[in-house]
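Encoded as structure tokens, the structure appears first; notes follow it.
Read-outs: derived from the displayed coordinates by stated rules, not from any lab. This structure is a prediction, so every number in the text was calculated from the model and none was measured. Methodologically, a virtual Cβ is constructed for each residue, glycine included, from the backbone with ideal geometry; neighbour enumeration extends over all protein chains shown.
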Amino acid sequence: MTKPQNILYIMSDEHNPKMLGCYGHKQVQTPNLDKLAARGTRFTSHYTNSPICIPARAAFATGRYTHETGYWDNAMPYDGNVKGWGHRLQEEGMRVESIGKLHYLGEDLNTGFSKQHHPMHVMGGIGQVWGSVRDPLPNERPARMLKEIGPGETSYNKYDRLIADEACNWLKSAAEQKEQKPWVLYLGFVAPHFPLVVPEEFYNLYPLDSLPPRKLDLESGYLRHPWLQRMDDFSQIDRHLTPEQRLMAVAAYFGLCTFIDHQIGRVLDVLASSGLEGSTRVIYTSDHGDNVGARAMWGKSNLYEETAGIPLIIAGEGVPEGKTSSTTTSLLDSYQTILDGVGLNETSDEQDLVGKSWFDLSSLVDDPDRIVFSEYHAAGSPTGAYMLRKGTYKFIYYVDYSPELYDLEIDPEETTNLADNIEYEKIVKEYEVLLRDICDPEAVDRQAKEDQNILIEKFGGRDKALNMGTPGATPVPGQNHE
């Protein structure tokens, strides 16, 4: 059991795990997160359990996989019916509050927080109903996510500053109160989530002529996997961008990474100046990643490293300093991590959960063979997709499509699919068995679509559903579509 302390849990939105200085990026500037990593432990094989907001955040809250909870997509937001770690802390009389984006069903529900400050939830309580139309997937629905690109300021930028302001004030007040029990404060920032617009001072850090070449560019001969190609034929994002717009989008994304690092730095400075740093453990992660143009894709919604992978940095009492851990981890572990961090033992029901405490794992010998699982059943996907990571291999299984296998030790950029190579036939079979030990992919795909079809009928059928819900980024509290 870890010594009980406060927990400051910081979650950004859509942060590609490769795009931090401490993770080895040669351009993206993240000095505050780099400092946090230097005084703590950084995990290099950390994953979301579903590469889209609502399912990922439901897994974070409950410690359970998407196919266990049924929060399949961005039209099925977490409502608190499946209890999570926040409910457990409430039962123990601990202060557990949130500031910023949660992306749950609504503020009036008990989703595990005794108080929510400036919460962002799904618009109108319905989310992206159009994304539930998958059975069959429509031929096309061009996305609007990159309508605006470049220097400027959005309501998202203002909202992130507000979250940092509120967090600084919250911490100053907490320092004065000197509570008897540990508290948990969750901060939900929205950057570097699109729109890819960022204040000019951050955008200008990344001149267009200095940016790296596109990874696995279609114009250089790369062929997408058929499942991913079907998704792109549906959303049609990159094909409508000019070469300059693509560069501007990368510069804006890099700038948003630095922008959010700056906001986090403000909060961490107050944590230190208020005298709380010694009694508070800090966690930084994201809900999922972003393609940032790799494979000519933008946003999230696939199981490659750019989007299924996420950063994880922890620091504080008992956490090894300056350590890099290759132990495989996922958002699912948040449940045990938070209970462990505040000094609570697991109940018999909680012992059935598969997660483990990051605080424990950081002090143990690295375990890269630990199995991590992710799945996707949301917008743009013709069928369910599943990922299993164990050791150096990463296996991606698609219902009705051929699988993929990558050796991330020799091919970290996932450029060569080994699934059709006869030399890896045994590995493919082994990993499919391991995946099927977790779920039946065909049965789960059918259940997801059945649940989505019920939702679609509730809103009047396919034609109406395709025009229901926010078309792009969820609006900040009190505003309409971004």
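For the peptides 47-58, 152-163, residues were scored by their other Cβ atoms within 10 Å and the scores averaged per peptide; the highest-first order is 47-58, 152-163.
For the residue pairs Lys356/Lys390; Lys3/Lys181; Lys35/Lys323; Lys356/Lys426; Lys18/Lys300, the alpha carbons lie more than 18 Å apart in Lys356/Lys426. Report, as a whole number in µm² per second, the diffusion coefficient that Stokes-Einstein gives for the stretch 1-129 at 37 °C and 0.692 mPa s using the Kirkwood radius over alpha carbon pairs. Value of D from the Cα-based Kirkwood radius: 201 µm²/s.
Calculated translational diffusion coefficient of the stretch 314-445 (20 °C, 1.002 mPa s; Stokes-Einstein with Kirkwood radius over alpha-carbon pairs) equals 129 µm²/s. Relative protection proxy for 17-28, 76-87, 237-248, from highest mean packing down: 76-87, 17-28, 237-248 (other beta-carbon atoms within 10 angstrom). Counting only the Cα atoms, the stretch 377-477 fills a convex hull of 158 Å³ per residue. Helical content of the chain, expressed as a calculated mean residue ellipticity at 222 nm, amounts to -9500 deg cm²/dmol (DSSP H runs of 4 or more residues, -39,500 (n - 2.57) each, divided by residue number, nearest 500). Cross-link candidates for Lys464: which aspartates and glutamates have Cα within less than 20 Å, leaving aside residues fewer than 8 places away along the same chain? Hits, sequence-local ones excluded: Asp73, Asp135, Glu140, Glu450, Asp451. Of the three principal axes defined by the Cα atoms of the stretch 70-144, the extents in descending order read 51, 24, 14 Å. Counting only Cβ charges, +1 for Lys and Arg and -1 for Asp and Glu, the dipole size of the stretch 6-465 around its Cα centre is about 780 debye.
Divided by 2.2 N^0.38 Å, where N counts the residues, the Cα radius of gyration of the stretch 319-380 comes to 1.28. Whole angstrom only: what separates the Cα centroid of the stretch 411-482 from the Cα centroid of the stretch 327-354? The stretch 411-482 and the stretch 327-354 have Cα centres spaced 25 Å from each other.
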